[in-house]
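The structure appears right after this line, and notes come after that.
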Amino acid sequence: MVRHTSTQRPHSKNAKITCQQITALILDYLTRELNAETALAFKAHLRKCPDCIAFLSTYQKTVQAAHSLRYESIPLEMRKRVRQFLQEKIKGSPPNR
Amino acid sequence: MGQRGSTEVLHSTAKGQTSYDEERVLIQRVKAGDYEAFEAIFRQHVSRVYRQAFKLIGNEAETEEVVQEVFLAVHQKVKTFRGESAFSTWLYRLTTNVALSRLRKRKRSKEVLLDDYLPRFHEDGHHEVRPVFNWGNELDVRLEKQELHRLIREALEELPPVDKAVIVSSDLEGISNREIGESLALSIPAVKARLHRARLFLRGKLAVSLGYSPS
């Protein structure tokens, strides 16, 4: 089972949230989808928790690293083969060159 | 996150791409059985379909089969495309689902326990392993870019198919959570939950590769 991340609960002005809750809220924090009260509690926790600052930083670095993956275009020969396959399947004849 | 959304292709006429109106005409011609129009659609979209499929499938041979299957499906199903979304969105969904169907049929070579790479906490909610190291900068220093990319690709391969489709669509393709949810028949909270878990897993794998605890 997947646990939903958006476990935003109303927090009173002085409410404390745990490192575990911070971790669950990271995605919504980064996309600025936390409600104002939870965002305040989140930031207040970060101000005094180096563990969560480190965790957040490595989470962001992971997202950046995934985002940096680069992929090649379709190889020319493969493109020709697929085109030929489609023409034969659909029209029953190889494509005109 | 930057949104490299699926609709952007339609609005650029630079580099010889077709405009939205031209594409709509092409699609009408394909619906009417015009094979030249189908080939124009193929030329326009094959690179994007290939890249999207490759990100999910991970090897050229199977990706080629997926690309074939996708364009055959385009030819067979284009009559069901009613233009309510952009054609590129429709094609993105089609490609995701063809690739996902193939991933689901795969025998997973080894069962990786995702939980082994997810953060763990004490009952009081503190991180189980403290201090948490900020190894972010070490990634660039200790790993060559190629090595980093290899690690990420391997970690992606270990994810369950739907989780993989979600993180690839979101973090590699820049597709919005709403569009991902519509493609995979998931609610937005479910998309976010899977995305978060997949990111935590990748993070855990990177941490371990640098000699740190995933927690």
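The values are calculated or read from the model by the stated rules, or taken from the named source; none is laboratory data. Owing to the predicted nature of the structure, the values given are computational and were not obtained by experimental measurement. Glycine also receives a Cβ, built like all others from the backbone with ideal geometry; neighbour counts cover every protein chain displayed.
A few comments on the model shown:
- Those residues of the stretch A:69-80 which are in contact with a helix residue (DSSP H, G or I) (Cβ under 7 Å, 6 or more places away or on another chain) and either of a type outside the set (K, R) or not in a helix (DSSP H, G or I) (or both), in sequence order: A:L69, A:Y71, A:S73, A:I74, A:M78
- Matching residues, the stretch A:32-50, being surrounded by fewer than 18 Cβ atoms within 10 Å (Cβ to Cβ) and either in contact with a Cys (Cβ under 9 Å, 6 or more places away or on another chain) or closer than 24 Å to B:Y212 by Cα (or both): A:L46, A:R47, A:K48, A:P50
- Residues that are hydrophobic (A, V, I, L, M, F, W, C) and assigned to a helix (DSSP H, G or I), drawn from the stretch B:136-156: B:L139, B:V141, B:L148, B:L151, B:I152, B:A155, B:L156
- The condition of being of a type outside the set (G, A, S), more than 20 Å from the chain's Cα centre (by Cα) and crowded, with 18+ Cβ neighbours inside 10 Å holds for only one of B:P131, B:P119, that being B:P119.
- Qualifying positions in the stretch B:89-113 - aliphatic (A, V, I, L, M) and in a helix (DSSP H, G or I): B:L91, B:L94, B:V98, B:A99, B:L100, B:L103
- Within the stretch B:55-88, the set of residues being part of a helix (DSSP H, G or I), more than 11 Å from chain A (Cβ to nearest Cβ) and of a type in the set (S, T, Y) comprises B:T80, B:S88.
- One residue from B:S176, B:S169, B:S183 being more than 9 Å from chain A (Cβ to nearest Cβ) and surrounded by fewer than 18 Cβ atoms within 10 Å (Cβ to Cβ): B:S176
- Looking across the stretch B:157-215 at every residue that is of a type in the set (G, A, S), over 14 Å from the mean Cα position of the chain (by Cα) and assigned to a loop (DSSP other than H, G, I, E, B), the one that is nearest to B:R142 (Cα to Cα) is identified as B:G211.
- Within the stretch B:38-56, restricting attention to residues that are in contact (Cβ under 8 Å) with a residue 12 or more places away in the chain and more than 26 Å from B:L172 (Cα to Cα), the residue that is surrounded by the fewest Cβ atoms within 10 Å (Cβ to Cβ) is B:A40.
- Matching residues in the stretch B:62-87 - criterion: being at pLDDT below 95, closer than 22 Å to A:Q87 by Cα and within 19 Å of the chain's Cα centre (by Cα): B:F87
- Any pair with Cβ under 9 angstrom, 6 or more apart, that starts in the stretch A:72-86 at a residue that is at the interface with another protein chain (Cβ under 7 Å from one of its Cβ atoms) and under 25 Å from B:L172 (Cα atoms) and ends at one that is of a type outside the set (S, T, N, Q) and in a loop (DSSP other than H, G, I, E, B): A:V82/A:I74
- Filter result for the condition that a residue is more than 30 Å from B:L72 (Cβ to Cβ), touching a residue at least 24 places away in the same chain (Cβ under 8 Å), touching a Ser or Thr at 6+ places or on another chain (Cβ under 7 Å) and not small (G, A, S), over B:V112, B:V129: B:V129
- Counted residues, the stretch B:142-165 - those being within 11 Å of chain A (Cβ to nearest Cβ), closer than 15 Å to B:R197 by Cα and not charged (D, E, K, R): 5
- Within the stretch B:13-36, restricting attention to residues that are within 12 Å of chain A (Cβ to nearest Cβ) and in contact with a helix residue (DSSP H, G or I) (Cβ under 9 Å, 6 or more places away or on another chain), the residue that is nearest to B:I180 (Cα to Cα) is B:V30.
- Residue within the stretch A:10-27 that is at pLDDT 95 or above and at positive phi present: no
- A:P75 passes every criterion in (1) at pLDDT 95 or above; (2) surrounded by 16 or more Cβ atoms within 10 Å (Cβ to Cβ) apart from (2).
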